[in-house]
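For reference, the structure is listed below as structure tokens.
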Amino acid sequence: FVFVARDPTTGKAAKIPPLVTETTAEAEVFAAAQRKHDMYKSRRERASAAQAALGEGLPSVMSEEAAKRAAELLRRGQVITDLPALAEPNAVPFAATRLANSLICQPQQRNIHGRIFGGFLMRRAFELAFSAAYLFAGANPVFHEVDRIEFRQPVNIGDLLLLESHVLYTSVSQTTGYQRMHIEVVARIVKPETASSMVSNTFHMTFEKRDSSTPLRDVLPTTFEDAIRIANIEEHNQEQEQHI
């Protein structure tokens, strides 16, 4: 988990004492976390630069490898829509993995600053991701890890919150051989009065299917935006595993 220290009076960043490692084991854990942080920061900077070059609202390509991967996924996915009788039998369209729910945020869910508590949002996202994994796998999933959580906008009391999940892709663990489902949950604050919405949070989680009797299906995108979305997350997860 990554927490942000914020001054309750000014709302700006608050100073925190530096962390000092005292043992070799602590230094190794600190270095691994620092490498992960630096990698994620670098990816964010590259994403911002690519987004600026492509234009607002268009998906950005992290690397040449991700672009090639996205093109290959989209080629396979378009067969599902254009030639369904010839589609891969062990594949499912990305859109078909969607699961969603909504809620009105209540006062009892607020934090000390009067916003909706982040832990409550995390729990609701986890429950939706677990349900999506359960439906996709056809067996009780086992939680593996939280990849990352982004808090983009504060959620207020009375907000109508829409949570939407998708299975981004599936993989097999190189160490255990378990099948894995990589799931994204996006939380949006919906404003019916203005017919608008904005993303407040994104959650990425991984679940495992320990029962190997049936293989998990491949998830294939049918749009360019979804293909880039899947390829970017897949590339990020692979890089992260290499740095741990």
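Which of the residues spanning region 90-106 are hydrophobic (A, V, I, L, M, F, W, C) and farther than 26 Å from residue 225 by Cβ?
So in region 90-106, the residues hydrophobic (A, V, I, L, M, F, W, C) come out as 91-92, 94-96, 99-100, 103-105.
Hits for region 90-106 are 103, 104, 105.
Per-residue answers, yes or no, for (1) open to solvent by 40 Å² or more (accessible area, probe 1.4 Å); (2) closer than 19 Å to residue 226 by Cα; (3) modelled with pLDDT under 95; (4) not in a helix (DSSP H, G or I):
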position	(1), (2), (3), (4)
75	yes, yes, yes, no
85	yes, no, yes, no
88	yes, yes, yes, yes
108	yes, no, yes, no
126	yes, no, no, no
130	yes, no, no, no
153	yes, no, yes, yes
161	no, no, no, yes
Check: Hey, among 175, 222, 214, which residue is over 27 Å from residue 75 (Cβ atoms) and at pLDDT below 95?
Finding: 175
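Which one of 200, 171 is part of a strand (DSSP E or B), small (Gly, Ala, Ser) and open to solvent by less than 10 Å² (accessible area, probe 1.4 Å)?
Values: 171 fails: open to solvent by less than 10 Å² (accessible area, probe 1.4 Å).
Testing whether each residue is part of a strand (DSSP E or B), small (Gly, Ala, Ser) and open to solvent by less than 10 Å² (accessible area, probe 1.4 Å) leaves just 200.
The values are calculated or read from the model by the stated rules, or taken from the named source; none is laboratory data. Keep in mind it's a predicted model, so treat the numbers as computed, not measured. We place every Cβ from the backbone using ideal geometry, glycine too, and count neighbours over all the protein chains shown. Heads up: the accessible areas ignore ligands, DNA and RNA and are worked out on the full protein's heavy atoms, side chains in. Shrake-Rupley method; radii C 1.70, N 1.55, O 1.52, S 1.80 Å.
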